[in-house]
1. Among the residues of the stretch 327-345 satisfying the criterion of being under 14 Å from Gln213 (Cα atoms) and of a type in the set (Ser, Thr, Tyr), which is least open to solvent (accessible area, probe 1.4 Å)?
2. From the list Asp91, Asp122, Asp146, Asp140, which one is among the charged types (D, E, K, R), on the phi < 0 side of the Ramachandran plot, open to solvent by less than 10 Å² (accessible area, probe 1.4 Å) and out of contact with any Cys (no Cβ under 8 Å at 6 or more places or on another chain)?
3. Is it the case, given these coordinates, that Pro56 is modelled with pLDDT of 70 or more and either buried (at least 21 other Cβ atoms within 10 Å of the Cβ) or over 26 Å from Gly138 (Cβ atoms) (or both)?
4. Just need a number here: residues in the stretch 136-170 that are outside any loop (DSSP other than H, G, I, E, B), of a type in the set (A, V, I, L, M, F, W, C) and in contact with a Gly (Cβ under 8 Å, 6 or more places away or on another chain).
5. Under the condition of being under 22 Å from the mean Cα position of the chain (by Cα) and without any contact (Cβ under 8 Å) to a residue 24 or more places away in the chain, which residue from the stretch 66-109 is farthest from Thr132 (Cα to Cα)?
Amino acid sequence: MLNRIFRRAKRTPTEAGDEIVLPVVWLLGKTGAGKSSLVGALTEQSDVEIGDGFQPCTRSARSYDFPPDQPLVRFLDTRGLGEAGYDPAEDLAACRDRSHVLLVVCRLDDPVQGVVADALSDIIRAEAGMRTILVLTGKDLVPDPDARDRAERTIAARMGRAAGRALPAVSLSLAPSEATDVEGLDALRGHLLEALPAACLLLEKSRAGDAEQIEFEKHKRCVLSYAGVALTSDLAPVVGMVAVPATQLKMLHELGLRYGVKWDRKVGAAFLSTMGVSIGARYATNFGLRELAKLIPVYGQTVGAATAGAISFATTYALGRAAAYFLYRSAQGSAPSEEELRKVYQRAFRRSSDEAD
């Protein structure tokens, strides 16, 4: 999936002046389906903030970059399907060409979803590989469990026929008067993690009580920004050999400042020593092979570059996560063991990599 980001997403400047590529989440549905409310629930922004944040990107479609001050993900919202006098063909084509995952949003108390199914069919016909997730809103509007189950199955079957395959589906409530539907949103984030790791890592909300994890949440956007820069700078042959390590070193220095520790040779040596020889050797070997692969004609400019960028994103994020853990524990006077740090790195790499593709 990350290789599609290289080709199609727009770029946005970081605070350091570099550029990262924004993963794009497209919301498709009828008026009143809850698209804006869904964006608000995922980003934990108010209705006013979401309403003011959307900007026109076509005559009838809008985009919302989050976070507003240093965007790492873009939401696209097309005009509500089925509105009188609205021909969605132009918007559908424009949004299809710039999106990486499609959220088809349908209300459970509205069984008439033919116009959405028709639009979905057109999208899949033109872009068969589009990652698509069915989001069924209004769970609170169909309180009877049997009726809700029938509605879920009916809409899912209709959208599955339109897409030509069964779609992963999530049912949730977006009622403003109720508590946040944690279970439903977590299920959606789980599907997003498989489809679009970069966006999901930003949108996921950790409820762990661990103080270190809570502290890292304050700095996650910083790590993701540098991972995005590493991703986009590792496209051209040889260039990545200089740009990616430089980006990672800059990230480590900034994390040191954020955690109140000057990242100098002594701290760097202690970190690398704790990381262990095995991870360092594997990283160096894989990095060299990726750069060599990009030199192969045709393959190097397509598959090789895409794979290199995806792995650079994952390794940079994992390196930042491990460094944050190391800095926090060291500042507390209890430096982590090699085994602890290796587990943190490997877990972060798995969550941010695109190996399944």
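1. This residue is Tyr345.
2. Working: Asp122 fails: open to solvent by less than 10 Å² (accessible area, probe 1.4 Å); Asp146 fails: open to solvent by less than 10 Å² (accessible area, probe 1.4 Å); Asp140 fails: open to solvent by less than 10 Å² (accessible area, probe 1.4 Å).
Going through Asp91, Asp122, Asp146, Asp140 in turn, just one is among the charged types (D, E, K, R), on the phi < 0 side of the Ramachandran plot, open to solvent by less than 10 Å² (accessible area, probe 1.4 Å) and out of contact with any Cys (no Cβ under 8 Å at 6 or more places or on another chain): Asp91.
3. On the way: modelled with pLDDT of 70 or more: no; either buried (at least 21 other Cβ atoms within 10 Å of the Cβ) or over 26 Å from Gly138 (Cβ atoms) (or both): yes.
No: the conditions fail for Pro56.
4. Taking the stretch 136-170 first, the residues outside any loop (DSSP other than H, G, I, E, B) are 136-137, 139-141, 145-163, 169-170.
Filter once more, so that each one left must be of a type in the set (A, V, I, L, M, F, W, C): 136, 141, 147, 151, 155-157, 159, 162-163, 169-170.
Applying the additional criterion that residues be in contact with a Gly (Cβ under 8 Å, 6 or more places away or on another chain) yields 170.
The number of residues fulfilling the criteria is 1.
5. Once the filter is applied, the top-ranked residue is Asp69.
Residues are listed down the side, and each one gets a yes or a no for (1) part of a helix (DSSP H, G or I); (2) open to solvent by 50 Å² or more (accessible area, probe 1.4 Å); (3) within 22 Å of Gly333 (Cβ to Cβ); (4) modelled with pLDDT of 80 or more:
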{"position": "Glu212", "(1), (2), (3), (4)": "yes, no, yes, yes"}
{"position": "Ala227", "(1), (2), (3), (4)": "yes, no, no, yes"}
{"position": "Thr247", "(1), (2), (3), (4)": "yes, no, no, yes"}
{"position": "Met251", "(1), (2), (3), (4)": "yes, no, no, yes"}
{"position": "Val261", "(1), (2), (3), (4)": "no, no, yes, yes"}
{"position": "Ser278", "(1), (2), (3), (4)": "yes, yes, no, no"}
{"position": "Ala284", "(1), (2), (3), (4)": "yes, yes, no, no"}
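The values are calculated or read from the model by the stated rules, or taken from the named source; none is laboratory data. Computed from a prediction, not measured in an experiment: that's the story for all the values here. We place every Cβ from the backbone using ideal geometry, glycine too, and count neighbours over all the protein chains shown. Accessible surface is based on the protein model in full, side chains and every heavy atom, while ligands, DNA and RNA are left aside. Shrake-Rupley method; radii C 1.70, N 1.55, O 1.52, S 1.80 Å.
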